[in-house]
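The values are calculated or read from the model by the stated rules, or taken from the named source; none is laboratory data. All of these numbers come straight from a predicted model, not from anything done at the bench. Backbone-built Cβ (ideal geometry, glycine too); neighbour counts: all protein chains shown. In case anyone asks, the SASA skips ligands and DNA or RNA and just uses the protein heavy atoms, side chains included. Shrake-Rupley method; radii C 1.70, N 1.55, O 1.52, S 1.80 Å.
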Amino acid sequence: ATPVSAQTVLISLAPHQLISDPRLDALARKADQAQSVKQAVEGDLAPIPQTKFPPWHHQLQGFHLLKTQPATMPAWSMGCGKSKTVVDFVCNTPEIRKTLIVCPKSVINVWEEEFEKHAASPVCLTPLATGSTSKRAKMAKQQMELAQVRRDKLVLAINYDAIWRGDLSEYFLSQEWD
């Protein structure tokens, strides 16, 4: 059953018993999320408030889809505008303060260029491309503290192979990401 139909069945069978049931709450959240995703992909899409360049339609869809998910991996082909979509989303979402980008090592430094090209508001981007995992963890920690003091948006970019190792893994898993 879909989350919506399961919720409907549960409510009709025992509405008085399920008011505070966490399972019902989870189903309701799933139903809301499904509706949000459908709206993001099929509905009338509001323009991106601040952007340097007008998005293609699929980038606009991706921007609105990102708003419905707690974490996302845009897996579009190279050259389809993933970077612009992510940059626009980070810049236009006030509650986002800390973002982690995990990518191939060969493109970590490309993110600096992408933020310079597409960011319509200031963002502090730190590429964590070189050094031992303990040095990169130390740099990430320093940048987090500095961004917090300055109230800057912070984006850290790191490669797949490094993120799961030692100090980096422990540090990144201990953080709450936006």
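Among residues of the range 50-71 that are touching a residue at least 60 places away in the same chain (Cβ under 8 Å) and assigned to a loop (DSSP other than H, G, I, E, B), those with a beta-carbon under 9 Å from a residue that is open to solvent by less than 100 Å² (accessible area, probe 1.4 Å) and polar (S, T, N, Q) at least six positions away or on a different chain give the pairs GLN50/ASN92; GLN50/SER121; THR51/ASN92. Residues considered: ILE163, ILE101. Of these, the only one that is farther than 30 Å from GLN35 by Cα, touching a residue at least 40 places away in the same chain (Cβ under 8 Å) and not hydroxyl-bearing (Ser, Thr, Tyr) is ILE163.
For every residue, the table says whether it meets (1) within 17 Å of the chain's Cα centre (by Cα); (2) at pLDDT 95 or above; (3) closer than 22 Å to ALA75 by Cα.
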{"position": "HIS118", "(1), (2), (3)": "yes, yes, yes"}
{"position": "THR130", "(1), (2), (3)": "no, no, no"}
{"position": "ALA162", "(1), (2), (3)": "no, no, yes"}
{"position": "GLU170", "(1), (2), (3)": "no, no, no"}
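When the range 53-71 is limited to residues that are farther than 21 Å from GLU95 by Cβ and open to solvent by 70 Å² or more (accessible area, probe 1.4 Å), the one that is modelled with the lowest pLDDT turns out to be HIS57.
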